[in-house]
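> Handing you this structure, nothing more for now.
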Amino acid sequence: MDDAPRTLLELGAGVGVAAMTALTYCPALSTALLAEFDPEIVSIGQQNLLDNHYIERARYAVIDIMSSGPERVAHGMVQDHFDSVIANPPYFDEKTVSLPNDNYGKRAHAHGIDCLERWVKAAVSCARAGGEVIFIHRAAELQKLMKYYDRRLGNITILPIVSRPGQQANRVLVRGYKGSKAPCKLLSPLSLHGSEGREFTPQLQAILMGKDKLHW
């Protein structure tokens, strides 16, 4: 974003890693709402917020993203409010993959037929005018994700993520801005590893060690 975000909403927050990273590197970020449906995971996440001294700047909403609009609003997912909305939706079609045995694993990894579109709708509805919406998803689902983004967002940036240079992307980061009409940008892939070995690239090492940020 051109201006540092002050309000953040994370959909599918899990134990809070992404939101806490944002809180660490964005000092201007005063409020973060972490939406997560599983009470046990939320309990762990709340302890993480407490242990890392973010309890004054962040809180959880125990809510299923597939819930109705009024239910989401009642849990703090206010419409047209957040500067930045980030999302980690279920990646797989529930009919095409073998699912974990636990209920959380099933719901966190697989989705029904209209899940992704509903997640995008929820994210965009909560973003303020000019706010950013960022999803991480499977590269194989990019066409579908772009269809839902293109109806609602502009100035879309796509960052493919590859394991090694020259390989196909298996994940993508996609960012769009509410109300923008600017054209789409496709960036060079971000490689996690070099051509050989298991070590992360120097760029990734610096990001993981907190010495740099992802510039995209």
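> Name every residue in the range 71-100 that is modelled with pLDDT under 95, under 20 Å from residue 114 (Cα atoms) and either among the β-branched types (Val, Ile, Thr) or open to solvent by 20 Å² or more (accessible area, probe 1.4 Å) (or both), in order of residue number. Break it down into steps so the answer makes sense when it comes.
The first filter runs over the range 71-100 and keeps only residues modelled with pLDDT under 95, leaving 88-100.
Still in the running and under 20 Å from residue 114 (Cα atoms): 88-99.
Answer for the range 71-100, where residues must be modelled with pLDDT under 95, under 20 Å from residue 114 (Cα atoms) and either among the β-branched types (Val, Ile, Thr) or open to solvent by 20 Å² or more (accessible area, probe 1.4 Å) (or both): 88, 91, 92, 93, 94, 95, 96, 97, 98, 99.
> Does the range 44-53 contain at least one residue that is assigned to a loop (DSSP other than H, G, I, E, B) and surrounded by fewer than 19 Cβ atoms within 10 Å (Cβ to Cβ)?
Our first condition is that a residue be assigned to a loop (DSSP other than H, G, I, E, B); within the range 44-53, this holds for 52-53.
Now narrow it down to the ones that are surrounded by fewer than 19 Cβ atoms within 10 Å (Cβ to Cβ): 52-53.
So far as the range 44-53 goes, yes, one or more of its residues are assigned to a loop (DSSP other than H, G, I, E, B) and surrounded by fewer than 19 Cβ atoms within 10 Å (Cβ to Cβ).
> Continuing with this model, one more query. Against the definition (in a helix (DSSP H, G or I), surrounded by 18 or more Cβ atoms within 10 Å (Cβ to Cβ) and in contact (Cβ under 8 Å) with a residue 24 or more places away in the chain), how does residue 9 come out, yes or no? It would help to see each step written out before you state the result.
Working: in a helix (DSSP H, G or I): no; surrounded by 18 or more Cβ atoms within 10 Å (Cβ to Cβ): yes; in contact (Cβ under 8 Å) with a residue 24 or more places away in the chain: yes.
Here the answer is no, as residue 9 does not meet what is asked.
> Please state which of the following conditions residue 31 fails to meet, knowing it meets all the rest: (1) touching a Ser or Thr at 6+ places or on another chain (Cβ under 7 Å); (2) at pLDDT below 95.
(2) is the only condition that residue 31 fails.
> Can I ask one more? So for the range 204-216 (the condition being part of a strand (DSSP E or B), more than 21 Å from residue 91 (Cβ to Cβ) and acidic (Asp, Glu)), does at least one residue qualify?
From the range 204-216, those part of a strand (DSSP E or B) are none; that's our starting set.
Scanning the range 204-216 turns up no residue that is part of a strand (DSSP E or B), more than 21 Å from residue 91 (Cβ to Cβ) and acidic (Asp, Glu).
> For the range 158-207: of the residues being in contact (Cβ under 8 Å) with a residue 24 or more places away in the chain and charged (D, E, K, R), which is most open to solvent (accessible area, probe 1.4 Å)?
Result: 181.
> Now for a separate question. I need a count of the residues in the range 186-216 that are closer than 10 Å to residue 163 by Cα, under 20 Å from the mean Cα position of the chain (by Cα) and among the hydrophobic types (A, V, I, L, M, F, W, C).
So the count comes out to 2.
> Do the conditions hold for residue 40, that is, is it open to solvent by 60 Å² or more (accessible area, probe 1.4 Å) and under 17 Å from residue 6 (Cα atoms)? Step through it out loud before you land on a result.
Values: open to solvent by 60 Å² or more (accessible area, probe 1.4 Å): yes; under 17 Å from residue 6 (Cα atoms): no.
Considered against the rule, which asks whether it is open to solvent by 60 Å² or more (accessible area, probe 1.4 Å) and under 17 Å from residue 6 (Cα atoms), residue 40 comes out as no.
> Please specify each residue of the range 13-43 satisfying the condition of being within 15 Å of residue 75 (Cβ to Cβ) and not in a loop (DSSP other than H, G, I, E, B). Spell out how you get there, then give the answer.
Just the residues of the range 13-43 that are within 15 Å of residue 75 (Cβ to Cβ), to begin with: 13, 31-39, 42.
Across the range 13-43, the qualifying residues are 31, 32, 33, 34, 35, 36, 39, 42.
The values are calculated or read from the model by the stated rules, or taken from the named source; none is laboratory data. Computed from a predicted structure; not experimentally measured. Neighbour counts are summed over all protein chains in view; Cβ atoms, including those assigned to glycine, are modelled from backbone coordinates with ideal geometry. Ligands, DNA and RNA are stripped out before the accessible areas are found, and what is left, the full protein with its side chains, is counted by its heavy atoms. Shrake-Rupley method; radii C 1.70, N 1.55, O 1.52, S 1.80 Å.
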